[in-house]
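To start, the structure under review is shown below, and the notes come after it.
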Amino acid sequence: MLARASSVPRSSEPVPAGRQGLANRRRSRRRGGRITFFILLLLLLAGAVYGLRQPSVRISNVQISGTHIDLTHYATDAMQGWYLWLVPRNSFFFVPERRIRSAILADYPGFATGSIVRTGLTGIAITVTERTAVARWCGTSSTRSNLVDNCYVFDPNGFIFEIAATSTQTLNSFSLYAPLVSSSTNPIRATLADADKLPATFDFARRVGAFGSPVTSVVIRDTEVDDLLASGTRITYVLGDEQNAITALVSAGGNLNLSDGSLEYVDLR
């Protein structure tokens, strides 16, 4: 009976010298290609940085429109310095628009928006839009303890943005007394509560003026509204129920005299 021959691992055969040399040359070429690529990349980056530093593509002219206020320094201040100590902030390609816009709106709450566009390779134009003054807000209520030292103006969103001056023009001539969303020692940048209901409230006040006496003050207290007329009459109705209130006022118009102050108040609740 024949014994099975044991398997003996075969020793690895030596790699021919020619094949070994070919592999070495391929590795050398790949290493050389990578080095060449990185050198070219560095040269391209250096060329790009050099190009971005040239005066012909750096902002040197700032134009302002939409306001008489000189806002130039907000742009020049924001464009001072460098990105990563390599690229200038006033580069035509990397103007810090958000930074400029935020700085302007932070200092001027009377501006609603600000847009920045490039004018050529060395200039930008900043255009701001001023908020619309809807009416004057003079406190949380018409009682003396809740009056404020100054009246303020607010926009259609109920955002209070500046103190009302004598010359300030508003869309409505009457004053508003209403609570704020949150208490604040400085009403500027505060928001009026129930701001979404103000358009209908103000429309009602304007329509009341057709009955012989204009509304001088609108007082919002909780869920009710008092319209105080120049004649001295007070009209009270439920906030948000303006349509029914004006319908009731029109129906009773022939029996009401709102122009001479003979009526103390009219309850439309």
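The values are calculated or read from the model by the stated rules, or taken from the named source; none is laboratory data. A quick note: this is a predicted structure, and the numbers were derived from the prediction, not measured. Counting neighbours? That spans all protein chains shown, and the Cβs are built from the backbone with ideal geometry, glycine included. Protein only, heavy atoms only, side chains kept; ligands, DNA and RNA dropped before computing areas. Shrake-Rupley method; radii C 1.70, N 1.55, O 1.52, S 1.80 Å.
What is the residue count in segment 47-93 for residues that are without any contact (Cβ under 8 Å) to a residue 24 or more places away in the chain and in a helix (DSSP H, G or I)?
Selection size over segment 47-93: 7.
Can you tell me how many residues in segment 88-120 are farther than 19 Å from N157 by Cα, within 21 Å of the chain's Cα centre (by Cα), among the hydrophobic types (A, V, I, L, M, F, W, C) and open to solvent by less than 50 Å² (accessible area, probe 1.4 Å)? Before the answer, list the steps.
At the first step, the residues of segment 88-120 found to be farther than 19 Å from N157 by Cα are 88-104, 107, 115-120.
Next, only the ones that are within 21 Å of the chain's Cα centre (by Cα) stay: 95-104, 107, 115-118.
Filter once more, keeping what is among the hydrophobic types (A, V, I, L, M, F, W, C): 95, 100, 103-104, 116-117.
Remaining after also requiring open to solvent by less than 50 Å² (accessible area, probe 1.4 Å): 95, 100, 103-104, 116.
The total comes to 5.
Restricted to segment 222-269, and to residues that are open to solvent by 50 Å² or more (accessible area, probe 1.4 Å) and of a type in the set (D, E), which residue is nearest to F204 (Cα to Cα)?
D241
Please specify each residue of segment 182-199 satisfying the condition of being open to solvent by 50 Å² or more (accessible area, probe 1.4 Å), touching a residue at least 40 places away in the same chain (Cβ under 8 Å) and either among the aromatic types (F, W, Y) or assigned to a helix (DSSP H, G or I) (or both).
K197, P199
Can you find even one residue in segment 68-78 that is touching a Gly at 6+ places or on another chain (Cβ under 6 Å), within 13 Å of A125 (Cα to Cα), of a type outside the set (A, V, I, L, M, F, W, C) and surrounded by 13 or more Cβ atoms within 10 Å (Cβ to Cβ)?
No, every residue in segment 68-78 fails to be touching a Gly at 6+ places or on another chain (Cβ under 6 Å), within 13 Å of A125 (Cα to Cα), of a type outside the set (A, V, I, L, M, F, W, C) and surrounded by 13 or more Cβ atoms within 10 Å (Cβ to Cβ).
Quick one: which of S141, S184, S217 is polar (S, T, N, Q) and under 27 Å from the mean Cα position of the chain (by Cα)?
S184
May I ask you to say which residue of R29, R34, R19 is in a helix (DSSP H, G or I), open to solvent by 60 Å² or more (accessible area, probe 1.4 Å), of a type in the set (K, R) and at pLDDT 80 or above?
The conditions single out R34.
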